[in-house]
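Right, one structure below, let's go through it.
No value in this document is a laboratory result; all are computed from the given coordinates. Note that this is a predicted model, so its numbers are computed, not measured. Here the Cβ is made from the backbone with ideal geometry for all residues, glycine too, and neighbour counts use every protein chain on show.
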There are 6 protein chains.
Amino acid sequence: MNEKFERGLKRMAVVDPGLQDRLHHLFGDIAPVLESIIPEFVFGEMYSREGLDPKQRQMLTIASLTNLGDTAIQLDAHIKGALNVGVTPYEVIEVILHCLPYCGFPRVLNAVLTAKKTFAEVGVTVEHPSL
Amino acid sequence: MNEKFERGLKRMAVVDPGLQDRLHHLFGDIAPVLESIIPEFVFGEMYSREGLDPKQRQMLTIASLTNLGDTAIQLDAHIKGALNVGVTPYEVIEVILHCLPYCGFPRVLNAVLTAKKTFAEVGVTVEHPSL
Amino acid sequence: MNEKFERGLKRMAVVDPGLQDRLHHLFGDIAPVLESIIPEFVFGEMYSREGLDPKQRQMLTIASLTNLGDTAIQLDAHIKGALNVGVTPYEVIEVILHCLPYCGFPRVLNAVLTAKKTFAEVGVTVEHPSL
Amino acid sequence: MNEKFERGLKRMAVVDPGLQDRLHHLFGDIAPVLESIIPEFVFGEMYSREGLDPKQRQMLTIASLTNLGDTAIQLDAHIKGALNVGVTPYEVIEVILHCLPYCGFPRVLNAVLTAKKTFAEVGVTVEHPSL
Amino acid sequence: MNEKFERGLKRMAVVDPGLQDRLHHLFGDIAPVLESIIPEFVFGEMYSREGLDPKQRQMLTIASLTNLGDTAIQLDAHIKGALNVGVTPYEVIEVILHCLPYCGFPRVLNAVLTAKKTFAEVGVTVEHPSL
Amino acid sequence: MNEKFERGLKRMAVVDPGLQDRLHHLFGDIAPVLESIIPEFVFGEMYSREGLDPKQRQMLTIASLTNLGDTAIQLDAHIKGALNVGVTPYEVIEVILHCLPYCGFPRVLNAVLTAKKTFAEVGVTVEHPSL
């Protein structure tokens, strides 16, 4: 068996339990390699490295997606993944806001609006310390 | 006095003790507003928010700059800032590598090469757990 | 009182009279800091600087958003803002077209299509001098 | 007559037979110059150069649009154009996947999802050699 | 003769009198089409449109290049072009600063540093109204 | 043994015979994982797929890097790689020029200037059919 793929599937199932099924549904007939390289390379290789814990990795992913733009689908999935590994909704928003000086307002406002939809779908609210 | 500016100067001095002087030297005659809005808005407003600690913020900044590209000057400064607040050289590299699935190899390789120069200048080395 | 915030609210009300309400509605429960830093920093600090008039600033904003991509929401708002400060629909289109050699056709076509929707919603038409 | 415009119209009609009408419908009242410069400059000048054949050009266009992001409308049109000049659906997907190490997963996944919709609309399927 | 090319050469000579020679020197042996399409398409077609004056066009170009990043060579040329058509050094800086909320600090700081070098080479200084 | 890694090393050696040594020299002490994932994932997984030949892949890589910007180091390596698998210098330039309508002039001019340096270093010249 391919060790990285197996390890990646397990890690992927913690971050995004429905992803393997979604990858098969979305890409199985058109780009099936994505069903193997996302678990194997992304989760089995990169997310399985030492040095950063799952919460840190999800935060860095949200920052990456915020900066890149045109990533609403991926942000939605990884915000849910962040909640799954213990990042709070408040921390998700703080991560997005932290990117503001680097990528500017449009990318940050878009990401916050995506988070708002995701939070509503998941049924969580942001608990601000000062609210 | 402007409270945000004062707070920002203090926080900025922890992350990058020479930045105020550099801002004055670089921008004092050409764009002096940068001498006030970088401490006030970036450090006094955004970096002074609750919810994320200084190590987390520097990691998110390094991820942002890696994804954006054409940011070698800023990466150099914020990698030093990360070291100043307790991020290890190893963690800096892990943060950059984590961005790989999102922004691709060119942005990541450029950021690692920048980190290599910065580490050499500062005189630190990467202690990999498995080396 | 915070002078920049007050000045920013006034300027923001000229460019986009409904923005303060929209910011509260969109972000009040999830990222309330945006209700203060958009008026204070964007409009009270940056848009309140001397040297460029409101028409010039809206033109530069439309060019920025065109080049960045994934900014349809912001373009819609700032095209309306441009009309509010006296930029003609024809000038809006010329600003977008001017960006073509720099960011290429896809960003420009997307921005023109956004402008087309915005103009239809507002009820204005483009008066080309040669039509 | 303008030779480049005439040559471009002919070439454009091979790649995307409905484009001239679409350009007129979309831009005729708002940015009519696009009705002339897209045939003249894009197809009559750039796509009419020697050295690359129409299949190669469509592949390079799909790679460009994949890397840029926020280009779903243009990808849809140029994927159809690729099919029109003899690129197979399988090759379209391989071109998009090839961009992965350079622009990362989000841009590639978005482009594959766009291709999936386009293929469904056109009524073609991907014939993988190994399926 | 090609009317757009002739018109473009004249306009280009106003903005950047040395560009035709530089294009020949840089690209004449490797990509000679750039010697014709930059005067013809960029300056003869796009910059020759009505609706915006030369100062406005150079300001929009500087904003575009600031937002795109990795454009130091082009910014240097177009900042000189802006000065040539009557934009003041102070206005150049204000245009760059105006982009800050949209593209963030790294792009703006890089563009200001480029402007600083260009101004030093040309021998102009920024006259701030409040200095 | 890891089959993808072995396959990738062989393919990588065809495209860029010195890359394995360069990766070790550049990244061996700071990010050694790049010594394995570039051969394994980039060349052993992605470049080893069927459907596109090595010339097509190098052309698509050059187009990707042109569009992304801030990729001079990678363009230099992959232009040499293109020459190594039989792409002519003339075709390299045509690939870069083809990207112009999508990413605009600055990215294309930068890439042509990089190619010019690479061609000079390698000692090849562009043979234009019409020169």
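Of B:LYS10/C:LYS55; B:LYS116/F:LYS80; B:LYS55/F:LYS10; B:LYS10/E:LYS116; B:LYS116/E:LYS55; E:LYS117/F:LYS116, which pairs sit farther than 31 Å apart, going by alpha carbon to alpha carbon? Violating the 31 Å Cα-Cα cut-off are B:LYS10/C:LYS55; B:LYS55/F:LYS10; B:LYS116/E:LYS55. Of the residues C:ARG49, C:ARG107, C:ARG11, the one that moves most in a GNM of chain C with alpha-carbon contacts below 10 Å is C:ARG49. Ranked from shortest, the separations from the 7 Å Cα-to-Cβ label point of A:SER36 to its equivalents in the other copies are 1.9, 4.9, 5.4, 5.4, 6.1 nm. Working note: Karplus 6.51/-1.76/1.60 with θ = phi - 60° gives segment F:12-25 the couplings 4, 5, 6, 6, 8, x, x, 5, 4, 5, 5, 4, 5, 5 Hz, where Gly and Pro are set to x.
Relative to the dominant Cα principal axis of chain A, helix A:105-122 is inclined by about 70°. Against chain D, whose longest principal axis is taken from its Cα atoms, helix D:54-68 shows a tilt of about 70°.
Listed by chain and number, the lysines whose C-alpha is less than 17 Å from the C-alpha of A:LYS4, apart from same-chain residues fewer than 8 away, are F:LYS4.
Result for chain D in a Gaussian network model with C-alpha springs under 10 Å: among D:TYR90, D:TYR102, D:TYR47, the largest mean-square fluctuation is at D:TYR102.
If you look at the Cα atoms of segment C:1-49, you get an Rg and a Dmax of 10.0, 31 Å.
Shielding by partners for peptide B:88-95, expressed as the average number of C-beta atoms from other protein chains within 10 Å of each residue's C-beta, is 4.
Counting only Cβ charges, +1 for Lys and Arg and -1 for Asp and Glu, the dipole size of chain A around its Cα centre is about 200 debye. The distance between label points at F:ASN2 and B:ARG49 comes to 3.8 nm (points 7 Å beyond Cα on the Cα→Cβ vector). Which whole number in µm²/s is D for segment D:18-131 by Stokes-Einstein, with the Kirkwood Rh taken over Cα pairs at 20 °C and 1.002 mPa s? So the translational diffusion coefficient is about 143 µm²/s. As a rough footprinting exposure proxy, the listed residues E:PHE41, E:PHE27 were ranked by other beta carbons within 10 Å of their own, and the order from fewest upward is E:PHE27, E:PHE41.
Secondary-structure-derived ellipticity at 222 nm for chain E, considering helices only, amounts to -20000 deg cm²/dmol, per-run term -39500 (n - 2.57) for DSSP H runs with n ≥ 4. Inter-chain Cβ neighbour count for C:54-63, averaged per residue, equals 5 (cutoff 10 Å, partner chain atoms only).
Rounded to whole numbers, the Karplus 3J(HN,Hα) couplings from phi for segment B:96-101 are 5, 4, 4, 6, 3, x Hz, using 6.51 cos²θ - 1.76 cosθ + 1.60 with θ = phi - 60°, and x at Gly and Pro.
The alpha carbon centroids of segment C:59-119 and segment A:34-101 are separated by 31 Å.
Inter-copy label distances at C:GLN20, 7 Å along the Cα→beta-carbon direction, one decimal in nm, shortest first? Ordered by increasing distance: 3.4, 5.4, 5.4, 5.6, 6.8 nm.
Expressed as a fraction of 2.2 N^0.38 Å, the rule-of-thumb size for a compact globular protein of N residues, what is the C-alpha radius of gyration of segment D:48-113?
My calculation over the Cα atoms of segment D:48-113 gives 1.03.
The rotation axis taking chain B to chain F passes closest to the C-beta of one chain B residue; that residue and the distance in whole Å read B:ASP70, 3.
Partner shielding of A:31-41 amounts to 5, given as the average count of beta-carbon atoms from other chains within 10 Å of each residue beta-carbon.
For chain D, set up a Gaussian network in which alpha carbons nearer than 10 Å are linked by springs, and say which option among D:ILE30, D:ILE38, D:ILE62 fluctuates the most. Looking only at D:ILE30, D:ILE38, D:ILE62, the biggest GNM fluctuation is shown by D:ILE30.
Taking every Cα-Cα distance in the protein assembly as shown and sorting them into 20 Å bins starting at zero, the pair-distance distribution P(r) comes out as 16, 52, 30, 1 percent.
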